[in-house]
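Trainee: For reference, the structure I am asking about is given below.
Each value in this text was obtained by applying a stated rule to the coordinates, not by laboratory testing. Keep in mind it's a predicted model, so treat the numbers as computed, not measured. Positions of Cβ are generated from backbone atoms using ideal geometry, with glycine treated the same way; all protein chains shown enter the neighbour counts.
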Amino acid sequence: MSAEGVAGSDAELLEATRGGDEAAFLELYRRHRDRVYGFAYRMTGSPDLASDVTQSCFAALLEGPLRYDARRASLGTYLCAVARNMSLRHASRAWRERPLLGAADSQASREPSPEQRLLAEERARLVREALLALAPLHREVLILAEYEDLEVAVIAEIVGAEVGAVKVRLHRARLKLRAALEARMRGRALVAG
């Protein structure tokens, strides 16, 4: 593939992928894997499951590129919708039973002290636990809005719901997350005290 093909739009790269161009597919994968993986990780709480979901999304793109319709959504939105469906299938099996392992979701730009690092890891763990305790429909909209920074209209496309329904889910998810975090913090204070 020519250098200009690799640097093309998603539509051009997808068309080249349909023609068997591996470099075009690899460029699409490079462009979208982090968002798909991040979403899947936050939905499942498992790095291994997130990797599986990510690989399955792109395998589905290879197996059925004609399912994607650029008139309906961007390729990134389509891939998030596929990741959502796969993550929900995993979540519906045993979403409360997964181990809560993994690194903290964010890192400071300067090197924190050991105490700051410990506190940040503990906060991240508490947020992950509270997030994973949410029902999958609430968790997904919260992840898409807060972590993926998507607009409500795009989230509605991904989850296949009306914008108003997404707004309600998002509001309820934030309330439930706040309540869960407050309960966890109260519980930690009782144990520490």
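Trainee: Full-extension gain between Arg89 and Gln55, please, as 0.36 nm times their residue separation minus the C-alpha to C-alpha distance. Mind showing how you got there, number by number?
Mentor: Details: separation 34, 0.36 × 34 = 12.24 nm, distance 1.51 nm.
Going from the current span to full extension adds 10.7 nm.
Trainee: So what are the ³J(HN,Hα) numbers for the range 113-128, from phi and the Karplus equation (6.51, -1.76, 1.60; θ = phi - 60°), rounded to whole Hz, Gly and Pro as x?
Mentor: Going residue by residue, I get 6, x, 5, 5, 5, 5, 5, 5, 5, 5, 4, 4, 5, 4, 5, 4 Hz, with x marking Gly and Pro.
Trainee: How would Val141, Val168, Val127 line up from fewest to most surrounding beta-carbon atoms within 10 angstrom?
Mentor: Val168, Val127, Val141
Trainee: How far, in nm, would the chain grow between Arg125 and Leu181 when pulled straight, counting 0.36 nm per residue and subtracting the alpha carbon separation?
Mentor: 19.1 nm
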